[in-house]
Amino acid sequence: MGMTMTQKILARAAGVESCRAGELLMCKLDLVLGNDITGPVAINEFEKMGATKVFDPAKIALIPDHFVPNKDIKSATMAKQLRDFARAQKIVHYYEVGRVGIEHALLPEQGIVAPGEVIIGADSHTCTYGAVGAFSTGVGSTDMAVGMATGECWFKVPEAVKVVLTGKMKPWVSGKDVILHLIGEIGVDGALYQSLEFCGDGVKEIGMDGRLTIANMAIEAGAKNGIFPVDDVCRAYLAERVTREYTAFEPDEDAEYSKVVTIDLSQLDLTVALPHLPENTKPASECRDLAIDQVVIGSCTNGRISDMRMAAQILKGHKVSDRVRCIVIPGTQQVVKTCLSEGLVDIFIDAGAIFTMPTCGPCLGGFCGVLADGERAVSTTNRNFVGRMGHTGSEIILAGPAVAAASAILGRVATPEEVL
């Protein structure tokens, strides 16, 4: 029996010819990732182990993105610990304030992740890098510590769900709508400890920003990872960023899948996920009676330049509702520069939105947009659990940038057609 993309990557990393779902493999790691929340915990465990040196300073990435610029003394202390460790260990991929971006937007942009690689990160949305054909998954801080010290990690080889994409998306529909639709169909545990493997003629219709969004939210379906094939679209993206050699894997024709899900992209509508689970999906057009207090456009899910352009296209010439706070958060400094050069920042500010620095910020109720009791937000982030963005009495509606921008204008859940 053949292997899936994920199984082939893990087999190579373990130095074996083949593997099957359920097997345990010790795999060599190509990258170990931590941020200003999870990194300090891993550093403490690293030192408790008696480790003194990381296995390879070029294969560690430490990204202070959650609470920077530091919002209080505790976050400043955690960032300092990360900084001091990075300096002492001569970590190559450490990005200080002024150069940093949201980790899962920054690493692909900078070419730090590539096809065929095995990547772990002490952040659940590390699965983002499957968009470039890598096996990447979130782990705990203890696993991160061991990975930094040894360059290895144990994995249970996952089963796979085959997601066949066909057709072409309607105007304004994006990768966010694709993944919300999928989660709504299979549920938040529909791919529990499995690989979501995307394929089909519809893949080529989705740009890299959309693929990164889809892979980012694989964890919201319970998946171990999400992964796309490396096609011409992906290779063109990598050509501008990755200079080292890499290996792209394709699934065997007789690879085993636990189930097959087919999505006709041409039938997808703009989709939202209502509180309090990403699986609670509905067409945005059916939720127009839901008034809102805040809109967030950004995050590791939707903070890339295509997201900014889509939001600006809708906001241009309009005003944010008097009852709404609209916060626009670009994913990286490069996205900031592009927004400036293309005049997008002027559009956001003229519309009455705030354009801020790259940060995870409000996504996890950290800062820069925390919700109060009774408030409701439309957000392009990835989770809408109880209390995720602030008070447990607040509510989050997940959406793509088109719905978020339209909602900011009308003060309720809205679609672009209502304002354009």
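The values are calculated or read from the model by the stated rules, or taken from the named source; none is laboratory data. Treat the numbers as computed from the prediction; the structure is a model and nothing was measured. In this analysis, Cβ positions are derived from the backbone assuming ideal geometry, glycine residues included, and neighbour counts consider all displayed protein chains. These area figures cover heavy atoms from the full protein model, side chains too; ligands, DNA and RNA do not enter into them. Shrake-Rupley method; radii C 1.70, N 1.55, O 1.52, S 1.80 Å.
Whenever you get a sec, line up Thr243, Thr381 from highest to lowest accessible area (probe 1.4 Å, protein heavy atoms).
Ranked list, largest accessible area first: Thr243, Thr381.
Using 0.36 nm times the number of residues separating Ser285 and Thr150, minus their current alpha carbon distance, what extension gain do you get?
Answer, rounded to one decimal: 43.5 nm.
Using modelled amide H (1.01 Å from N, peptide plane; none on Pro or chain starts), what sits under 5 Å from the amide H of Glu395, excluding residues fewer than 5 places away?
For Glu395, the qualifying residues are Glu375, Arg376, Ala377.
For each pair in Lys74/Lys176; Lys53/Lys224; Lys176/Lys204; Lys59/Lys156, compute the distance between the two Cα atoms and list the pairs where it is over 27 Å.
Pairs exceeding the cut-off: Lys74/Lys176; Lys53/Lys224.
Which whole-number percent is the relative contact order of the chain (Cα, under 8 Å, 6+ apart)?
Normalised by residue count, the contact order of the chain is 17 percent.
Express in Å², to the nearest 10, the accessible area of Val233 obtained by rolling a 1.4 Å probe over the protein heavy atoms while all chains stay in place.
Looks like 50 Å² after rounding.
For the range 383-395, take each phi angle, set θ = phi - 60°, evaluate the Karplus expression 6.51 cos²θ - 1.76 cosθ + 1.60, and give the result in whole Hz per residue in order, putting x for glycine and proline.
So the Karplus estimates, Gly and Pro as x, are 9, 10, 5, 4, x, 4, 10, x, 4, 5, x, 8, 9 Hz.
Over the chain, what percent of the accessible surface lies on carbon and sulfur atoms, probe 1.4 Å?
It is 50 percent, rounded to a whole number.
Using 10 Å bins from zero, what percent of all Cα-Cα pairs in the range 242-347 falls into each bin?
Histogram of Cα-Cα distances, whole percents per bin: 10, 28, 30, 21, 9, 1.
Rounded to whole Hz and in sequence order, give me ³J(HN,Hα) for the range 149-159 from the Karplus expression 6.51 cos²θ - 1.76 cosθ + 1.60, θ = phi - 60°, writing x for Gly and Pro.
7, 10, x, 9, 7, 7, 9, 8, 4, x, 5
What whole-number value in Å² describes the accessible area per residue of the range 33-82 for a 1.4 Å probe?
45 Å²
Assuming R0 = 22 Å, what is the FRET efficiency of Asp189 and Asp231, from their Cβ-Cβ distance, to the nearest 0.05?
Efficiency, from the Cβ-Cβ distance: 0.15.
Mind telling me which of Ala160, Ala218, Ala351 comes out most flexible in a GNM of the chain, alpha-carbon contacts under 10 Å?
Ala351
For Lys259, go through the aspartates and glutamates and keep the ones whose alpha-carbon is under 16 Å away, minus same-chain ones fewer than eight residues off.
In chain and number order, the partners are Glu159, Glu185, Asp189, Glu197.
Considering only His104, Ile120, Ala88, whose Cα is most displaced toward the positive end of the charge dipole of the range 85-124, charges sitting on Cβ of Lys, Arg (+1) and Asp, Glu (-1)?
Ala88
Taking a label point 7 Å from the Cα of Arg99 along the Cα→Cβ vector, which residues of the range 14-40 have an amide N closer than 20 Å to it?
Zone members listed by number: 31-37, 39-40.
Just subtract the alpha-carbon distance of Glu240 and Val164 from 0.36 nm times their residue separation and send over the number in nm, one decimal.
24.6 nm
One quarter of the convex hull surface, Cα atoms only: what value does that give for the range 1-92 in nm²?
Across all orientations, the range 1-92 yields a mean hull projection of 7.7 nm².
How much area per residue is accessible in the range 326-404 when the probe is 1.4 Å and only protein heavy atoms are counted (Å²)?
Ligands and nucleic acids excluded, the figure is 32 Å² per residue.
Given 0.36 nm per residue, what is the gain on full extension from Lys74 to Asp264 after removing their alpha carbon distance, in nm?
That pair, Lys74 and Asp264, stretches by 63.6 nm at full extension.
For His276, what accessible area in Å² do you get when you roll a 1.4 Å probe over the heavy atoms of the protein chains, rounding to the nearest 10?
Here the residue's solvent-accessible area equals roughly 70 Å².
To the nearest µm²/s, what D does Stokes-Einstein give for the range 340-420 at 20 °C and 1.002 mPa s, using the Kirkwood radius over alpha carbon pairs as Rh?
Translational diffusion coefficient: 158 µm²/s.
Which of the peptides 44-52, 57-65 is most tightly packed, and how do the rest follow, going by the mean number of other Cβ atoms within 10 Å of each residue?
Top of the packing list down: 57-65, 44-52.
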